[in-house]
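The block underneath contains the structure these notes are about, expressed in structure tokens.
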Amino acid sequence: MLTLNKGMLFIRCSRYEYLVKKGSMSNYSFHLKDEDKTGILEALFEKTDFPVPQERLAEELSNKISEPNEKYVSDLLEQLLEIEVMLECPNAQQIEKPVCIMTDLEQVSVIQDIFEKGGYSAQLLVLDDANHNEQFISLNHNEAASEKLEPFEYVILFKNHFSPGTFYQANKLCLEQNKKLIIAYLDGSEGIIIPLLNFAQVGCYNDFEILRESSFYNLLDYQVMKERLLQQDKVQPTSHPLHFHMLVNQTALLLNQYMQFSSLNYYAYSMDFERMVNTKTRLLKFPKCPSCQSDKNLVHAFI
Ligand SMILES: [Zn+2]
């Protein structure tokens with residue numbers, strides 16, 4: 001089944017010419033011209049009910065244009081599909097994506113809602129060390145957790161607070177299985193998204209943490225907080241629901257980009273909700289990271 005791309009405007013300039021625009025600033029802006037003056041564009045944009053199967057559309061268009069020509073119509077449809085003026089209607093099987101999301105029980109419904117609306121079919125696993133049912137995952141049980149992550153290409157970890165202990169465990173598991181890991185969390189009023197899609201290129205979570213810590217001016221206070229959180233993975237009751245929504249939405253959008261284009265994998269993102277500033281940080285691989293590099297004898301002071 002084919003449909004017109006609902007994200008685009010098709011503006012009639014004449015019977016034989018239409019302007020295609022996505023938005024005022026978008027690069028996606030061009031004219032479609034019916035050089036042979038067959039009336040095919042008018043028939044397509046103004047006299048067709050969508051969605052419609054491709055063969056029926058080709059037949060209908062052939063009947064409506066001045067000089068019926070099957071090849072002309074089918075070539076045009078192929079071109080319009082290529083430039084995404086027309087799209088194949090997604091069906092349930094096509095949007096099946098190998099994504100697994102790990103999070104705390106309190107966040108499940110929010111994440112599920114956002115991902116379902118975005119058309120993702122992701123498997124949600126609840127972080128829980130006590131429960132060993134199918135929908136739960138305990139990162140403390142390495143083997144069982146590895147088995148649960150095995151079928152997935154992407155693993156996303158959502159936390160609504162800074163949870164270094166959980167991040168180390170997820171990092172280790174995904175390194176062992178070479179999974180594409182995205183860690184997204186709230187740290188007070190800041191949302192952080194770390195896409196670790198290729199450990200060999202961008203390093204692992206430990207590399208990011210060292211990089212982030214190197215920029216802190218209040219390092220000592222931070223270390224006290226981190227030590228505390230490592231001992232007790234405490235949920236901060238102050239995190240704002242809207243901030244978490246933003247974090248999940250942004251992560252879902254990024255995931256969509258990563259699945260379509262492989263070249264955008266090099267940055268971590270920060271959304272600072274106190275100052276309302278969004279920034280990105282180039283991910284750097286440290287040459288002697290004990291987690292993802294060969295020298296296992298070197299240990300970062302806080303790993
Ligand atoms: Zn590393």
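The values are calculated or read from the model by the stated rules, or taken from the named source; none is laboratory data. What you are looking at is a predicted structure, and each value in this text was computed from that prediction instead of being measured. Neighbour counts run over all protein chains shown; Cβ positions are idealised from the backbone, glycine included. The protein model used for the area step is the full one, side chains on, heavy atoms only, and it has no ligands, DNA or RNA in it. Shrake-Rupley method; radii C 1.70, N 1.55, O 1.52, S 1.80 Å.
For residue 49, the conditions (1) touching a strand residue (DSSP E or B) at 6+ places or on another chain (Cβ under 8 Å); (2) open to solvent by 70 Å² or more (accessible area, probe 1.4 Å); (3) of a type in the set (D, E, K, R) are fulfilled apart from (1).
In a residue-by-residue description of region 183-192, the property of being within 16 Å of the ligand (Cβ to nearest atom), within 24 Å of residue 118 (Cα to Cα) and modelled with pLDDT of 95 or more applies to at least one position. Within region 195-234, count every residue that is surrounded by 12 or more Cβ atoms within 10 Å (Cβ to Cβ), among the polar types (S, T, N, Q) and not in a helix (DSSP H, G or I). Looking only at that region, the number is 1. When residues in region 253-272 are screened for being in contact with a strand residue (DSSP E or B) (Cβ under 9 Å, 6 or more places away or on another chain), modelled with pLDDT of 90 or more and more than 15 Å from the ligand (Cβ to nearest atom), 7 of them pass. The listed residues are 148, 172, 226, and the only one of them that is under 22 Å from the mean Cα position of the chain (by Cα) and more than 14 Å from the ligand (Cβ to nearest atom) turns out to be 148. For the residues 157, 242, the requirement of being away from the ligand (no atom under 13 Å from the Cβ) and either polar (S, T, N, Q) or crowded, with 22+ Cβ neighbours inside 10 Å (or both) singles out 157. Considered as a group, the residues in region 273-303 that are among the aromatic types (Phe, Trp, Tyr) and within 15 Å of the ligand (Cβ to nearest atom) include one that is modelled with the lowest pLDDT, and that residue is 302.
Within region 157-174, residues that are without any contact (Cβ under 8 Å) to a residue 40 or more places away in the chain have Cβ atoms under 6 Å from residues that are of a type in the set (A, V, I, L, M) in these pairs: 169/139; 173/145; 174/155; 174/181, counting only partners at least 6 apart in sequence or on another chain. Apart from one condition, residue 268 fits all of (1) open to solvent by less than 50 Å² (accessible area, probe 1.4 Å); (2) of a type in the set (A, V, I, L, M, F, W, C); (3) over 22 Å from residue 114 (Cα atoms); the exception is (3).
So for region 108-131 (the condition being modelled with pLDDT under 90 and either of a type in the set (Phe, Trp, Tyr) or surrounded by 19 or more Cβ atoms within 10 Å (Cβ to Cβ) (or both)), does at least one residue qualify? Yes, that holds for at least one residue.
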